[in-house]
1. Could you grab me the full set of residues in the stretch 22-64 that are under 12 Å from Val8 (Cα atoms) and within 16 Å of the ligand (Cβ to nearest atom)?
2. Return yes when His45 is crowded, with 16+ Cβ neighbours inside 10 Å and modelled with pLDDT of 95 or more and no when it is not.
3. It is to be established whether one or more residues within the stretch 176-187 are of a type outside the set (Gly, Ala, Ser), within 15 Å of the ligand (Cβ to nearest atom) and under 21 Å from Asn81 (Cα atoms).
4. Of all residues in the stretch 83-103, how many are touching a residue at least 24 places away in the same chain (Cβ under 8 Å), surrounded by 13 or more Cβ atoms within 10 Å (Cβ to Cβ) and assigned to a loop (DSSP other than H, G, I, E, B)?
5. Filter the stretch 128-147 down to the residues that are in contact with a Cys (Cβ under 9 Å, 6 or more places away or on another chain) and of a type in the set (Ser, Thr, Tyr) and list them by number.
6. Of (1) of a type outside the set (Lys, Arg); (2) in a strand (DSSP E or B); (3) more than 16 Å from the ligand (Cβ to nearest atom), Pro106 satisfies all except one. Which?
7. Looking at Pro182, Pro129, can you tell me which residue is in a loop (DSSP other than H, G, I, E, B) and more than 15 Å from Tyr78 (Cα to Cα)?
8. What do you reckon, is Leu170 more than 16 Å from the ligand (Cβ to nearest atom) and either under 25 Å from Val28 (Cα atoms) or assigned to a helix (DSSP H, G or I) (or both)?
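The values are calculated or read from the model by the stated rules, or taken from the named source; none is laboratory data. Quick caveat, the model's predicted, so the values are computed rather than measured. As a convention, Cβ positions derive from the backbone with ideal geometry for all residues, glycine included, and neighbour counts pool all protein chains shown.
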Amino acid sequence: MIHEILPVGLLQCNCSVLGDESSREAIVIDPGDDIPAIEAILKRHGLKVKSIIITHAHIDHIAGAHKLKQLTGAPVFYNENDLPLVKMMDVQASWLRMPTPEVHPPDALLKEGQDISVGGITGRVLYTPGHTQGSICLYLPQQSLLIAGDTLFAGSVGRTDLPGGDSRQLIHSIREKLLTLPDETKVVPGHGPNTTIGEERSDNPFL
Ligand SMILES: [Zn+2]
């Protein structure tokens, strides 16, 4: 599988491009900004986007989704419990002093346990509320890979002081849904460096 990680926008959100080598079909996760750079990666690998997945509806993760959908025709998926955050996109934009992006309700909803299959790539949706009420992670068992959004970071966990945040719920989600994955699972957080489930289980001071 092709996996490119591209930090996008002001807050350097880690956008992942997952591409299947034989079908050339791809999933793009959290295209928060810098759509031309994402397009360049797709073009370089000859990939066609089939699904756009949003781990949660914070502006730095979702702001470019509509633009990428317009360019590729791919549907946008996220969890319905983040719709209140989408409704306050103007407030989110004011936090970053940026113009309000065009953001729409999802084309389909992401639910706990659902499999997203594109080409030969299959990712399972893990519903992990806490950072926001609609936060999800995407787990790819075949690749031993977790796209964690802002739920789990290397040596840290997602902030819970923004609307919809709940710290007890966040820790519960991490313990029940993420720390139960195999130690060798590679974790790509929403910001900053990669880690593994094993490293976070043994060293993360928040857990
Ligand atoms: Zn966030």
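1. Restricting attention to the stretch 22-64, the residues satisfying the condition of being under 12 Å from Val8 (Cα atoms) are 29-38, 59-64.
Those that are under 12 Å from Val8 (Cα atoms) and within 16 Å of the ligand (Cβ to nearest atom): Ile29, Asp30, Pro31, Gly32, Asp33, Ile59, Asp60, His61, Ile62, Ala63, Gly64.
2. Details: crowded, with 16+ Cβ neighbours inside 10 Å: no; modelled with pLDDT of 95 or more: yes.
No: the conditions fail for His45.
3. Going residue by residue through the stretch 176-187, those that are of a type outside the set (Gly, Ala, Ser) are 176-187.
Pick out the ones that are also within 15 Å of the ligand (Cβ to nearest atom) and you get none.
No, every residue in the stretch 176-187 fails to be of a type outside the set (Gly, Ala, Ser), within 15 Å of the ligand (Cβ to nearest atom) and under 21 Å from Asn81 (Cα atoms).
4. We begin by selecting, within the stretch 83-103, every residue touching a residue at least 24 places away in the same chain (Cβ under 8 Å); these are 83-86, 88-89, 92-93, 95-96, 98, 101-103.
This time we only want the ones that are surrounded by 13 or more Cβ atoms within 10 Å (Cβ to Cβ), so: 83-86, 88-89, 92-93, 96, 98, 101, 103.
Applying the additional criterion that residues be assigned to a loop (DSSP other than H, G, I, E, B) yields 88, 96, 98, 101, 103.
Of the residues in that region, 5 qualify.
5. Start the filter on the stretch 128-147 by keeping residues that are in contact with a Cys (Cβ under 9 Å, 6 or more places away or on another chain), which leaves 128, 146-147.
Passing the criteria: only Thr128.
6. For Pro106, the failing item is (2).
7. Details: Pro129 fails: more than 15 Å from Tyr78 (Cα to Cα).
Criteria check complete, one pass: Pro182.
8. Details: more than 16 Å from the ligand (Cβ to nearest atom): no; either under 25 Å from Val28 (Cα atoms) or assigned to a helix (DSSP H, G or I) (or both): yes.
So Leu170 does not fit the description; no.
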